[in-house]
Amino acid sequence: MANIDLHKPLSNDFVVPTNAQIGATESLASRANENEVACMGTLTNNLHLMMDSFYKPTPDRYKILCEAKAFPSDQYAFASQAKAHGFDPEDAIIEVSPRDGEYTLREEDILATIEQHGSSIALVIFSGIQYYTGQWFPMQSITTKAKEKGCICGWDLAHAYGNVPLKLHEWDIDFAVWCTYKYGNSGPGGIAGLFVHEKWHNIERPKFAGWWGHELSTRFKMPPQFSPISGAQGFQQSNPCILALASLLGSLQIFKEIGMLPVIRERSLLLTGHLEKLLRESKYFVPPSEAARQTPLDPCFTIITPTDPESRGAQLSLLFLPVGAGNMVKIFDYLAKHGVTGDEREPDVIRLAPAPLYNTVDDCEAAAKYLNEAFDALTS
Ligand SMILES: Cc1ncc(COP(=O)(O)O)c(C=O)c1O
């Protein structure tokens, strides 16, 4: 374990190197080669670009497999892509749901679904970390299974980028897309990214070309024929916004200096583990199995994120009970009034994520304290 002071933000003593020589494509989707990564566009745009290149349905193999309740933008993208190819999304999209009384997906159920439907699946695409539950899916085993059945395997890494260590090249992932404005700190709407595995680089795939994907050496000679940069950067279309690049670069310099492994991940494990412990000690906490079995009558909460640290990143998703009672909004307002910035997901979930770069153990303690106070106020 690195020597980590959890009372101080990680970036407190950090001096941004003035001569840092990192490119804008420096990747938090680590263990990817530089030519496998492009810094470009927005997540949903990039998802469509990737699906345009990699989702090539045939009459026999046309299905898309994803988790149930994927982020809505992904659901819209999947459905519209299926429709664009003449398929009915109701038939073409297979969703894997948690078992009755459970909140997250079991690895065995995901793998069994791929095994069962594999020959009709064109694309397996999951979130690296599920935005609502915070579950980090077993990316390597899902990818391996998808490949075994001849499917393309892509990932939405919106909540995984800058949060958990990733080995996109080694895991043999075909493509991935992400935004950088969550753990990547680039600011709302910041520039996004994509990954295309090296094994695809010499295989001609359809691309919607733009001048920024053209070879750098002749880009400004403006030739009429498109000659793409080999690899992911050949998918770039437009001249990117320099302000968006600059804000991401500032954050990446810090990530590069500190290192995702071991420091940031270790600190994340400690902080989220500590927050979980404090929350579980609350008199208002009920274990997830109990919460799912019978609806409690009094205000309380459970944590729907997996307890195994290897199945989650920084985020813990708190489910407020009884479901539909409106407690979440009141608690969220109380937390916000006391400086605890969570994220509300209607109707009953608050996501709390100690961001390892700048949150401290004191922030975790404040979050637990004000959560308990909010419940006290609710029940008094
Ligand atoms: C999991 C996930 N996918 C897709 C998106 C959509 O991102 P964008 O609006 O940058 O396209 C988000 C945004 O929060 C997200 O959380």
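The values are calculated or read from the model by the stated rules, or taken from the named source; none is laboratory data. All values reported here derive from a predicted model rather than from experimental measurement. As a convention, Cβ positions derive from the backbone with ideal geometry for all residues, glycine included, and neighbour counts pool all protein chains shown. SASA here: full protein model, heavy atoms, side chains in, ligands and nucleic acids out. Shrake-Rupley method; radii C 1.70, N 1.55, O 1.52, S 1.80 Å.
Some points to look at:
- The order of the peptides 268-277, 192-201 by mean Cβ neighbours within 10 Å, most packed first, is 192-201, 268-277.
- Here's the list of lysines a cross-link from Lys56 could span, going by alpha-carbon distance under 26 Å and ignoring same-chain residues fewer than 8 apart: Lys69, Lys83, Lys145, Lys147, Lys149, Lys167, Lys199, Lys207.
- Rel. contact order, % - alpha carbon contacts under 8 angstrom, at least six apart, region 159-235: 25
- Debye intensity ratio I(q)/I(0), log10, region 260-379, q values 0.10, 0.20, 0.24 Å⁻¹ (C-alpha model): -0.28, -1.09, -1.51
- Bridgeable lysines around Lys330 (alpha carbons under 24 Å apart, same-chain partners fewer than 8 residues away excluded): Lys277, Lys283, Lys369.
- The distance linking region 333-376 with region 180-238 is 38 Å (Cα centroid to Cα centroid, whole angstrom).
- Spacing of the two label points (7 Å from each Cα toward its C-beta) at Asp308 and Glu198, in nm: 3.0
- Chain lengthening between Glu215 and Asp362 when straightened (0.36 nm per residue, less Cα-Cα): 48.0 nm
- Positive-end residue of Thr42, Pro165, Phe71, charge dipole of region 18-258 with Cβ unit charges: Thr42
- Straightening the chain between Lys337 and Ser141 buys 66.3 nm, computed as 0.36 nm per residue apart minus the Cα-Cα spacing.
- In this Cβ point-charge picture (+1 for Lys and Arg, -1 for Asp and Glu), region 260-379 has a dipole of about 100 debye about its Cα centre.
- With R₀ fixed at 45 Å, the C-beta to C-beta distance from Lys369 to Lys56 puts the FRET efficiency at about 0.25.
- Signed unit charges on C-beta, dipole axis of the chain, positive-most listed residue Asn327, Pro98, Gly128: Gly128
- Pairwise Cα inverse-distance average, inverted: Kirkwood Rh of region 140-182 (Å): 10.9
- Using a probe of 1.4 angstrom and keeping all protein chains present, the accessible surface of the chain works out to 45 square angstrom per residue.
- Relative contact order for the chain, counting Cα pairs under 8 Å that sit 6 or more residues apart, in percent: 20
- Nearest-0.05 FRET efficiency for Glu266 and Ser80, computed from C-beta distance (R0 56 Å): 0.85
- Protection proxy ranking, highest mean first, for peptides 127-135, 78-86, 350-358: 127-135, 350-358, 78-86, where packing is the per-residue count of other beta-carbon atoms within 10 Å, averaged.
- Looking at region 260-379 alone, DSSP beta bridges between its own residues are antiparallel in about 90 percent of cases.
- Region 18-258 - charge dipole about Cα centre, Lys and Arg +1 at Cβ, Asp and Glu -1, debye rounded to 20: 620
- Computed over the chain, Cα set: Rg, Dmax in Å: 21.7, 73
- When the Cα positions of Ile242, Thr302, Pro287 are compared along the charge dipole of region 219-315, Ile242 comes out farthest toward the positive end, with charges on each C-beta of Lys, Arg, Asp and Glu.
- Each Cα pair under 8 Å and six or more residues apart adds its separation to the average, and for region 260-379 the resulting relative contact order is 29 percent.
- Among beta bridges that DSSP assigns inside the chain, antiparallel share in %, nearest 5: 55
- The chain, accessible surface, carbon-and-sulfur percent (1.4 angstrom probe): 52
- Residue-wise HN-Hα couplings along region 356-365, as the Karplus relation 6.51 cos²θ - 1.76 cosθ + 1.60 with θ = phi - 60° gives them from phi, are x, 5, 9, 7, 10, 5, 5, 4, 5, 5 Hz; Gly and Pro carry x.
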